Structures are given as structure tokens and as C-alpha cells.
Amino acid sequence: MQKDLLIRTASAEDIDALLDLYALLSPGDERCIPELAEENIRRISQIAGSAVLLGLLEDKVLTTCTTIVIPNLTKGGRPYAIIENMVTHPDARGKGLGTTILDAACDRAWENGCYKVMLSTGSARRSTLSFYENAGFEQSRTGFQKRRLPKRVE
């Protein structure tokens with residue numbers, strides 16, 4: 001765990017740094033326009049317990065993930081959370097930053113009464129899968145998706 005990593009929610013002032021980080025997640029992906037990014041951050045923050053989280057060292061955005069808390073009608077009405085768009089700058093990998101922000105996302109979910117946290121990855125790289133396993137996630141279930149945009153290429 002990276003103890004000196006500052007974790008906070010993203011704001012409009014973070015959009016350029018955040019979009020630069022996302023460009024590393026999916027190179028060649030269409031970049032979100034800043035106005036839409038600002039609106040989407042605002043919309044995400046209006047969902048109870050949900051946020052775009054940033055991890056900063058020395059005021060530089062180095063890692064991020066989005067946590068969405070979803071109301072539920074099973075499990076006694078307890079919500080669940082989905083983590084998406086997890087990325088750490090390549091120069092900062094292997095230092096515990098990604099694990100720290102995932103822990104913060106899970107803590108946020110638990111604080112909001114979630115009974116589980118799910119994430120998926122489009123990567124088949126062993127290093128990526130090992131990262132999530134080492135962060136405490138287990139590969140389980142079978143996932144399906146129906147896409148409107150093509151999958152990212154590794």
C-alpha cells in the first residue's frame with residue numbers, strides 16, 4: 001500500500017490530467033471532450049457513494065478508477081458496486097498505487113452498504129490478471145457483454 005498517495009474525488013480542474021491518463025488505458029480511443037467529461041463527473045458524483053477517484057503523488061494524477069454504487073432489489077436491498085476505468089500511469093506501476101486506489105474504492109463501497117464489488121478487465125495479460133488477484137479480487141463467474149464500440153486492442 002502506498003501510504004503517501006493522496007486519494008480524492010475528481011473535479012473539473014482534474015479533467016485534462018484524467019483524460020491524459022485514460023489515453024494510456026485505451027490508446028487510439030476517442031478522447032472525451034472536456035465539457036462532456038465535466039458533466040459526466042458531475043452526474044457520477046450525484047449517485048450516492050459513486051465517484052471518479054484519483055490517486056496523486058506530489059500533485060500529479062497517477063492512478064484512477066470509477067466506482068459506481070448500484071441500488072439493488074436482492075440481498076435484502078443491499079447495493080453493489082462496479083469499478084471501471086482503472087488505470088495507473090506506466091511510470092508509476094509496481095509501487096502499490098493501483099492497489100491503494102482499489103482499496104479506497106472498495107472502502108467506499110463498504111461504507112455505502114454494498115455486499116460486493118465487481119470489476120472486469122478487457123486484458124488477457126497475465127500481469128494484469130495477477131494485479132487484480134493480488135489486490136484481493138477473485139476471478140469468478142462468467143461475464144458477457146454486448147458492445148456498440150469495438151473492444152480495445154492490447
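Given contacts defined as C-alpha pairs under 8 Å and at least six residues apart, what's the relative contact order of the chain, whole-number percent?
That works out to 22 percent.
Which distance in nm do the two modelled labels at ARG147 and TYR22 give, with both placed 7 Å along the Cα-to-Cβ direction?
Computed distance between label sites ARG147 and TYR22 equals 1.7 nm.
Under 12 Å from the Cβ of ILE7, count the other residues' Cβ atoms, weight Lys and Arg +1, Asp and Glu -1, and hand me the total.
It works out to a net charge of 0.
Counting helices only, and only those DSSP H runs with n ≥ 4, report the 222 nm mean residue ellipticity of the chain as the sum of -39,500 (n - 2.57) divided by its residues, in deg cm²/dmol to the nearest 500.
Mean residue ellipticity at 222 nm (helix-derived): -9500 deg cm²/dmol.
Within the chain, how many Lys pairs that are eight or more residues apart, or on different chains, come under 24 Å at the alpha-carbon?
5
Kindly provide the trypsin sites (Lys or Arg not before Pro) of the stretch 87-154 that DSSP labels as loop, not H, G, I, E or B, and whose Cβ sees at most 15 other Cβ atoms within 10 Å.
Here the sparse-neighbourhood loop sites are ARG93, LYS95, LYS116, ARG125, ARG141, LYS146, ARG147, ARG148, LYS151, ARG152.
Laboratory data are not the source of any read-out in this text; all were calculated from the coordinates shown. Computed from a predicted structure; not experimentally measured. Cβ: placed from backbone, ideal geometry, glycine included. Neighbour counts: every protein chain shown.
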